[in-house]
1. Excluding same-chain residues fewer than 8 positions from LYS133, which lysines have a Cα within less than 19 Å of its Cα?
2. Could you give the radius of gyration (one decimal) and Dmax (whole number) of the Cα atoms in region 1-108, in Å?
3. Could you list the residues of region 31-58 with an amide nitrogen less than 18 Å from a label point located 7 Å from the Cα of TRP85 in the Cα-to-C-beta direction?
4. Determine which residues of region 63-91 fall in the zone a paramagnetic label at SER106 would reach in this model, i.e. backbone nitrogen under 17 Å from the point 7 Å along Cα→Cβ.
5. Please report the projected area of the chain's Cα convex hull averaged over all directions, in nm².
6. Taking +1 at the Cβ of each Lys and Arg and -1 at the Cβ of each Asp and Glu, which of CYS148, MET159, THR178 sits farthest along the dipole of region 140-185 towards its positive end, judged by Cα position relative to the Cα centre?
7. Sequence gap at least 6, Cα distance under 8 Å: using those rules, report the relative contact order of region 62-162 to the nearest whole percent.
8. Between ASP36 and LEU16, what length comes free when the chain is fully extended (0.36 nm per residue of separation minus the Cα-Cα distance, one decimal in nm)?
Amino acid sequence: MVPTELHFITGNAKKLAEVQAILSTAGVKLTSQSIDLPELQGTIEEITTDKCKRAADVVKGPVLVEDTCLCFNAFNELPGPYIKWFLKSLGVQQLHRLLAGFDDKSAQAVCTFGYCEGPGHDVIIFQGRTDGKIVEARGPTDFGWDACFEYEGQTYAEMRGPEKNKISHRGRALAKLTEWMKAHT
């Protein structure tokens, strides 16, 4: 049985607000906790699973973790889970320049949530993907790489919250989580 209150492991207030807005429709209350966890190098699913197990051990209860990736198709899905480090080094204003020598500017935004009941329990993965392309930054630049990921003519940063939540990688992953939660409560 899924609890109605979960510890969401994030220190990002904007991410917390998006997840709360989407999960509130399922009657889930989130408490946010920022825990500095080492990140395994590996696939998206391996990273999320490891992070979720570590968080459950620290919290000693049910946790929800998230890993967001930006996968450039020209780079065979890199930077993928390592986008955080590319963004820190280059900034959102320069990220599009990585694809300057490539005709293919297409990309996938990928969000993977991991849920774990607590220490010693299995991690359940929920993943959402949205196809788009990498463009020069447009719109507010205060939320990760939203300003340079374009979906059907608008960057994520140019979209209003509810509009973005319907089509985003995070919204799609949370829709899967919500369906699973409804079936298990």
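We did not get these values from a lab; they are worked out from the coordinates using the rules stated. Bear in mind the structure is a predicted one, so any value in this text is a computation, not a measurement. Cβ coordinates were reconstructed from backbone atoms using ideal geometry, including for glycine residues, and neighbour counts include every protein chain displayed.
1. Here the lysines satisfying the reach criterion relative to LYS133 are LYS84, LYS105, LYS164, LYS166.
2. Rg and Dmax of region 1-108, Cα atoms, are 16.2, 51 Å.
3. 36-51
4. 70-80
5. Dividing the Cα hull surface by four gives the mean projection, 9.9 nm².
6. With unit charges placed on the Cβ atoms, the residue in question is THR178.
7. Numbers: 189 pairs, mean separation 25.5, N = 101.
Relative contact order for region 62-162 comes out at 25 percent.
8. Computed gain between ASP36 and LEU16 is 5.6 nm.
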